[in-house]
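S.K.: One structure, as structure tokens, below. Some questions next.
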Amino acid sequence: MTAKPHAGSCDRNREPILAVLRRHLGDARTVLEIGSGTGQHAVHFAAAMPWLRWQASDHRDHLPGINQWLDEAALPNTPAPLELQAVVGSGLRPLPPVPLVDGEAGFDAVFTANTLHIMGWEEVQALFAGLPPLMAPGALFIAYGPFNQGGGFSSDSNRAFDGWLKARDPRSGIRDFEAVDALARAQGLELGEDVAMPANNRTLVWRRAPARTG
């Protein structure tokens, strides 16, 4: 049997990320994770927050590895992972089924970690364009990873990491916070918190406007 995929970065960052998620997801019931990678985060966060239904997703090539983690953990709140990716000009595809809770369709939160600097910028744009159909009114979009500020790197290590990314794939690279925030605002998301994280990373928390009443 093939060994489970493993990313050391997940072991290092899972507790700091969890601390942020706990602050924001206490009232949430459904979370969609985009770009679940190995599946390590899905297992750790779902176990730590059992009131959530944590829906993992990624490109089809990653689903077998994610399934290994989910099957071994055998948690009641981690359904089978979904195939999902950012498609230029089409948003997020294939469009997953969204939960319906108390008459509101959509996930209470969407989470992604260490994905925006891996994708090309056009795919980042597609990801944000694909968020509204997946998010319930008042839902959160939470993104973890490295970000530039004012067009500059936050550390020498991030500068070196950006160079490594571009050498591997010229379309990738650490994104400017301002550009990413503009994409979020264009989809009706407002930044609620910007949390400094270890290793020169950040967790950004946006919220979609709540449903209008009356």
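The values are calculated or read from the model by the stated rules, or taken from the named source; none is laboratory data. These numbers come from a predicted model, not from an experiment. Cβ atoms come from the backbone with ideal geometry, glycine included; neighbour counts cover every protein chain shown. Keep in mind that these areas ignore ligands, DNA and RNA; they rest on the heavy atoms of the full protein, side chains included. Shrake-Rupley method; radii C 1.70, N 1.55, O 1.52, S 1.80 Å.
S.K.: Given the rule -39500 (n - 2.57) for each run of at least 4 DSSP H residues, summed and divided by the residues of the chain, what is its mean residue ellipticity at 222 nm, to the nearest 500 deg cm²/dmol?
M.R.: Details: 6 runs with 69 residues, N = 214.
Roughly -10000 deg cm²/dmol at 222 nm, from the helical runs in the chain.
S.K.: I would also like to ask the following. With a bin width of 10 angstrom, please list the P(r) values of the stretch 81-141 as percents of all Cα-Cα pairs, from the 0 bin to the one holding the largest distance.
M.R.: Going from the shortest bin to the longest, the percentages are 23, 52, 23, 2.
S.K.: Given a Förster distance of 22 angstrom, what is the FRET efficiency for R12 paired with A179, based on the Cβ-Cβ distance and rounded to 0.05? Mind dumping the intermediate values first?
M.R.: Values: r = 27 Å, r/R0 = 1.22.
Here the calculated transfer efficiency is 0.25.
S.K.: Now for a separate question. Suppose we flag trypsin sites (Lys or Arg not before Pro) only when DSSP calls them loop and at most 16 other Cβ atoms lie within 10 Å. Which is the longest uninterrupted stretch of the chain?
M.R.: On the way: sites that count: R29, R171, R212.
Here the longest segment lacking exposed loop sites spans 30-170.
S.K.: Quick one: work out the % antiparallel among DSSP beta bridges in the chain, nearest 5.
M.R.: Numbers: 20 of 38 bridges.
If we restrict to bridges inside the chain, about 55 percent are antiparallel.
S.K.: Given the Cα atoms of the stretch 1-125, and with Rh set as the inverse mean 1/r over their pairs in the Kirkwood sense, what is Rg to Rh to two decimals? It would help to have the intermediate numbers written out before the result.
M.R.: Numbers: Rg = 14.2 Å, Rh = 15.0 Å.
My calculation puts Rg/Rh at 0.95.
S.K.: Moving on. Rounded to whole Å and ordered largest first, report the semi-axes of the equivalent ellipsoid of the stretch 1-46 derived from its Cα gyration tensor (root of 5λ). Intermediate results must be reported in sequence, preceding the final value.
M.R.: Details: eigenvalues 97, 34, 11 Å².
Semi-axes, largest first: 22, 13, 7 Å.
S.K.: Quick one: accessible area per residue over the chain, 1.4 Å probe, rounded to a whole number of Å²? Don't skip to the answer; put the middle values down first.
M.R.: On the way: 10120 Å² over 214 residues.
Computed with neighbouring chains in place, this is 47 Å² per residue.
S.K.: Same structure, new question: Computed FRET efficiency, Cβ-Cβ of H59 and N200, R0 25 Å: what is it to the nearest 0.05? Present the calculation step by step, with values, prior to reporting the outcome.
M.R.: Working: r = 27 Å, r/R0 = 1.07.
Once rounded, the FRET efficiency stands at 0.40.
S.K.: Taking the chain as a Gaussian network, where each spring joins two C-alpha atoms under 10 Å apart, which residue of Q149, Q40, Q125 fluctuates the most?
M.R.: Its mean-square fluctuation being the largest, the pick is Q149.
S.K.: Expressed in whole Å with the largest first, what are the equivalent ellipsoid semi-axes of the stretch 97-203 derived from the C-alpha gyration tensor as the square root of 5 times each eigenvalue? It would help to have the intermediate numbers written out before the result.
M.R.: Numbers: eigenvalues 153, 42, 27 Å².
In descending order, the three semi-axes are 28, 14, 12 Å.
S.K.: Can you check what the Kirkwood hydrodynamic radius comes to for the chain, Cα pairs only, in Å to one decimal?
M.R.: Values: mean 1/r = 0.0571 Å⁻¹.
Evaluated on the chain, it is 17.5 Å.
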